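Since the structure comes first, as structure tokens, the remarks are kept for the end.
No lab work stands behind these numbers, since they all come straight from the coordinates. These numbers were taken from a predicted model, which means no experiment stands behind them. Cβ coordinates were reconstructed from backbone atoms using ideal geometry, including for glycine residues, and neighbour counts include every protein chain displayed.
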Amino acid sequence: MVLKVFNTLGRRKEEFIPVNPGEVRIYVCGPTVYDYIHIGNARAFVVADIVRRYLRYKGFKVRYVSNITDIDDKIINRARDLGISIQELAETYSDAYFEDIAKLNIEKADVTPRATQHIPEMIETIEKLIGKGYAYVADGDVYFDVSKFKDYGKLSGNKAEALEMGARIEVNPKKKNPADFALWKSRKPGEPGWYSPWGKGRPGWHIECSTMAQKYLGETIDIHMGGKDLIFPHHENEIAQAEALTNKPFVKYWLHNEWLTVEGEKMSKSLGNFVTVRDALKMCSPAVLRFFLISAHYRSPLDFNRDALKTAGRNLERLIRALERLNGTPERETRVIEDEVLISEVEAEKKKFEEAMDDDFNTPLAISALFSIARLINNYLNVNKTIEKATKRRVLKIFINLLGVLGIEWAKDKKETRTDELFKGILELLIDVRNELRRMKKWEIADRIRDDLGKMGIILEDAGKETKWMIKSEKL
RNA sequence: GCCGGGGUGGCCGAGAGGUUCAGGCGGCGGGCUGCAGACCCGCUAUACAUGGGUUCAAAUCCCAUCCCCGGCUCCA
């Protein structure tokens, strides 16, 4: 099956063919560590994570690099406001970032380069660009000369001339052209600076990414991802820098995800509707948040709100329940026709899942195949009280693998039963007594026990003679 | 001003020329159950912003209009 991806460069779906057969190199723009990451960041990282997992599922060897921007205006200002050092601030929030993405089950990158640890490489790149006539020095700053790069605007569709018209920023008199962008910024009083041929200063934002991407992934990388806001100017400028340097295509496929809104509005500090991952995780479990984030196609807008989270929780629960139900079903040796049918139908859904993912990572459509699998399992188990061993294994494996592609790990998300033995003992005693009451048809008392426990967050479900209990996780 | 993305059933959300229009949630009805839950079945659902056009056939293509959102400035 052919994987198709929507390439921002060209704005159309293309067949995915990596530069080197069987091997994919991905670069994802990581966070600027001046604050906790928000759910919009999380969407971008989850999408990238799924791209990575699915490519691996398809048999590609994946090398995945995602940077940390630890020097930038926002960091400098924030550190100043808080009265702490830049290093301290960056350290705090990069630690928080790793914690947050780990919770969301986003795999760690193979390499996580930090901007401040690659200053010499950036200086070298800038020197080369100056040498090739693409950049010029102006009073301690270095700017990229957009007019020298023919393809400028090919990613975003913005023309350098048009940018001048719309630009509301005050014109920087050091620039030859308003669209030129800084490769190196001279140090202002109170700011940190690194020694360079142009005096003390620090690198521009764009040069960080292109330099580190090329250092770890080579001159032409397969996939570069990020939120759509990065298309311009960030990615446009990365292309200019990298391609001016090598005369080779910098990135084969550019993938950008749409915005996540909150209650219909874009997140912004001024609206006060910024939702960090940490805030969101007070409302739902990490698995639910992740499941919510992939409930729409990555190129469609998605709105974060309580109802949507609730629905995501129910949906995920439906899948997990079916999985657990199958897992808990007793095995038998003999295979019957129903087993054959189940396997072939589940295999058909697996194929649908793959087709959906092959079509530019269509997660909502892929998820619908998972619902079908859940239904098939439930239907089977409604009639069959046992399942043939190999059938069970096969279906479980498919189900778990497909969930795994989406980064939903059943074992990891198992509700932590933070209950001690004493609690369990008492509860089981209570259930036994209740079942005794049920046998005696004392429904009123039996129901009262179930209802009252329900109010306390403990759910009892009678299935024949057995009674299952679970702690209602408000998070799910 | 220049560029871009959208408007699909009560809600969310796939589909991008053609058999009866995914899937989930919610609601209603039924089955199972002592009841409830979970699960299954059915209905809600002959929906695709509006007006034209192309076509044997249009959510899907074309034109116009309305509305929403975004980029052009740090931003996933």
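What is the spin-label model distance, in nm, from residue A:283 to residue A:102 if the labels are put 7 Å beyond Cα along the C-beta direction?
In this crude spin-label approximation the distance works out to 2.6 nm.
Report ³J(HN,Hα) in whole Hz for each residue of the range A:375-383, in order, from the Karplus equation J = 6.51 cos²θ - 1.76 cosθ + 1.60 where θ = phi - 60°; Gly and Pro get x.
Listing the rounded values in order: 5, 4, 4, 4, 4, 4, 6, 5, 9 Hz.
7 Å from Cα along Cα→Cβ at both residue A:81 and residue A:451: what's the point-to-point distance in nm?
It works out to 5.2 nm between the two label points.
Given H placed on each backbone N at 1.01 Å, which residues far from residue A:222 in sequence or on other chains put an amide H within less than 5 Å of it?
A:25, A:252
Can you work out the Karplus-derived ³J(HN,Hα) for every residue in the range A:61-75? Use 6.51 cos²θ - 1.76 cosθ + 1.60 with θ = phi - 60°, whole Hz, and x for glycine or proline.
Coupling constants for the range A:61-75: 8, 10, 10, 10, 10, 9, 8, 10, 8, 10, 8, 4, 3, 4, 5 Hz.
For residue A:471 and residue A:261, what does the FRET efficiency come to when R0 = 30 Å and r is the distance between their Cβ atoms, rounded to the nearest 0.05?
Efficiency, rounded to the nearest 0.05: 0.35.
Whose amide H sits under 5 Å from the amide H of residue A:181, counting only residues 5 or more places off or on another chain, with H placed in the peptide plane?
Long-range HN contacts for residue A:181: A:144, A:146.
Over 21 Å between Cα atoms, which of A:228/A:252; A:150/A:176; A:74/A:159; A:310/A:465; A:350/A:468 qualify?
Over 21 Å apart, Cα to Cα: A:74/A:159; A:310/A:465; A:350/A:468.
With r defined as the distance between the Cβ atoms of residue A:73 and residue A:150 and R0 fixed at 35 Å, what FRET efficiency is calculated, to the nearest 0.05?
Given R0 = 35 Å and the Cβ-Cβ separation, E is 0.70.
Quick query: amide H of residue A:64 versus all other amide H atoms, modeled in the peptide plane; which residues come in under 5 Å with a sequence gap of 5 or more or a different chain?
HN-HN under 5 Å from residue A:64: A:26, A:110, A:111.
Taking Cα centroids, how far is the range A:57-123 from the range A:293-333 in Å?
So the separation of the two Cα centres works out to 31 Å.
Work out the length of the dipole vector of the range A:421-471 about its Cα centre, built from +1 on the beta-carbon of each Lys and Arg and -1 on the beta-carbon of each Asp and Glu, and round it to the nearest 20 debye.
Dipole of the range A:421-471, to the nearest 20 debye: 160 debye.
With the dipole of chain A worked out from charges on the C-beta (+1 for Lys and Arg, -1 for Asp and Glu) around the Cα centre, which of A:289, A:41, A:244 lies farthest toward the positive end?
Farthest along the dipole direction, towards plus: A:289.
Return the FRET efficiency for the residue pair residue A:355, residue A:424: r is the Cβ-Cβ distance, R0 is 41 Å, and the value is rounded to the nearest 0.05.
0.35
Grab the Cα-Cα distance for residue A:303 and residue A:463, subtract it from 0.36 nm times how many residues apart they are, and report the gain in nm with one decimal.
53.8 nm
Counting only DSSP beta bridges with both residues in the range A:186-334, what percent are antiparallel, rounded to the nearest 5?
Close to 30 percent.
Which ³J(HN,Hα) values in Hz, rounded to whole numbers, follow from the phi angles of the range A:437-453 under the Karplus curve 6.51 cos²θ - 1.76 cosθ + 1.60, where θ = phi - 60° and Gly and Pro get x?
Coupling constants for the range A:437-453: 4, 5, 4, 8, 6, 8, 4, 4, 5, 4, 5, 5, 4, 5, 5, 5, 4 Hz.
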